[in-house]
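The values are calculated or read from the model by the stated rules, or taken from the named source; none is laboratory data. Bear in mind the structure is a predicted one, so any value in this text is a computation, not a measurement. Reconstructed Cβ throughout: ideal geometry from the backbone, glycine too, with neighbour counts over all protein chains shown. All accessible areas refer to the heavy atoms of the entire protein, side chains included, with ligands and DNA or RNA removed. Shrake-Rupley method; radii C 1.70, N 1.55, O 1.52, S 1.80 Å.
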Amino acid sequence: MSSTADVVEGISRLIQALDELFQTQTFEALVDLVQQLGIGGPVSQALRAIGTVLEHLVDWISKLEKVAAIPTMLEALAPTLEQVKGITTSREQDLREAGLDALVPLTTAARALFDVLNRVRKGAEAILKGLLDPAALARLRQSVMDFAATLKAYEERLKAKPASTQTMKRVTP
């Protein structure tokens, strides 16, 4: 069974392969042919539409990258939660002897709260850790952006007038 990272890497490789295909001389010649046939406008619009979809995909991947960063953030919170919990570990008798009877329920509640927060933190960290690989998502985002740039370059090229207008000769039987 593949992990999420394997799936993301596979998609990234697919998009890179498409980008490489679109950068071949064959595809360049196809763009020239489209321009010569005078259908650059509609093809340019199609490329723009695909580019818009890719932009949305980049936004979505960026959001996934933020979710993938949550385990690291939760790990960073662990020492702080432990320190705060340590502050609340004063014994009830010590507080009473210090004349701070009113703080006894507060420290008991705070201790319970920080214990629950720490358990929630550990649970969320365990669930999210390994679910999304930040490095794989970054590579996927970059491959989508590269492919979008390639399509944008062709879109701009199709909007421009051809450098040399060659007329196609009609072959008569």
### Task
Would you list which aspartates and glutamates come within 12 Å of Lys152, measuring only between C-alpha atoms, while excluding same-chain residues fewer than 8 positions from it?
Asp19, Glu55
### Query
What full-extension length gain, to one decimal in nm, is calculated for Leu106 and Ile70 as 0.36 nm per residue of separation minus the Cα-Cα distance?
10.0 nm
### Query
Taking Lys122 as the anchor, which aspartates and glutamates have their alpha carbon closer than 16 Å to its alpha carbon, excluding any fewer than eight residues away along the same chain?
Glu75, Glu82
### Summary
Whole-Å distance linking the alpha carbon centroid of segment 1-77 with that of segment 142-158 is 9 Å
### Query
Roughly how many nanometres apart are two label points built 7 Å out from the Cα toward the Cβ at Leu21 and Ala49?
1.9 nm
#### Entry: Stretchable slack from Ile39 to Glu97, in nm (0.36 nm times residue separation minus alpha-carbon distance)
12.0 nm
### Query
Expressed as a whole percentage, what fraction of the accessible surface of segment 4-159 belongs to carbon and sulfur atoms when a 1.4 Å probe is rolled over the protein heavy atoms?
65 percent
